[in-house]
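See below for the structure under consideration.
Each value in this text was obtained by applying a stated rule to the coordinates, not by laboratory testing. All figures in this text were calculated on a predicted structure; none of them were measured in a lab. Here Cβ is always computed from backbone atoms with ideal geometry, including for glycine, and neighbour counts include all displayed protein chains.
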Amino acid sequence: MKNIFKSVLFAASLFAASSAFAQTHNDTTLGQKIGTTAKKGWHATKKAGKAVGNKTAEVASKGVAAVADKKYDEKVAPGGQTIYIDKNSYYYYVNKKGHHIYVPKAKLVNKPDK
């Protein structure tokens, strides 16, 4: 009877210990952690690449506009951007992505006095 009691007690303690270890086990593997980290790194790299590309395009477009087109000194765009006049007498400014945004002359604002 003592041997059966000892066997049952031993089996119960193993069962309790195994369930306690099972609760502390993480469901993620090392490969999954590396994959998550790689995704975060790729997202940051992609975001930084877009920012650098947009700034490069803006600076290049503004440089070309300053050389090729005439700068309109008396007025600015509604957001305060510098206005350029192209060869067809259209008014435009360069946005943060380097695109030319054409503006009608009626929407131009007088330059603020300093």
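Tabulated results
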{"item": "Cα shape, segment 70-114, gyration tensor, a/c 1.5 rule", "result": "oblate"}
{"item": "Value of relative contact order over segment 40-114, rounded to a whole percent, pairs C-alpha under 8 Å and six or more apart", "result": "29"}
{"item": "Directionally averaged shadow of segment 40-114, computed from the convex hull of its alpha-carbon atoms, nm²", "result": "6.2"}
{"item": "Spin-label model distance (nm) - THR45 vs ASP113, 7 Å beyond Cα toward Cβ", "result": "5.5"}
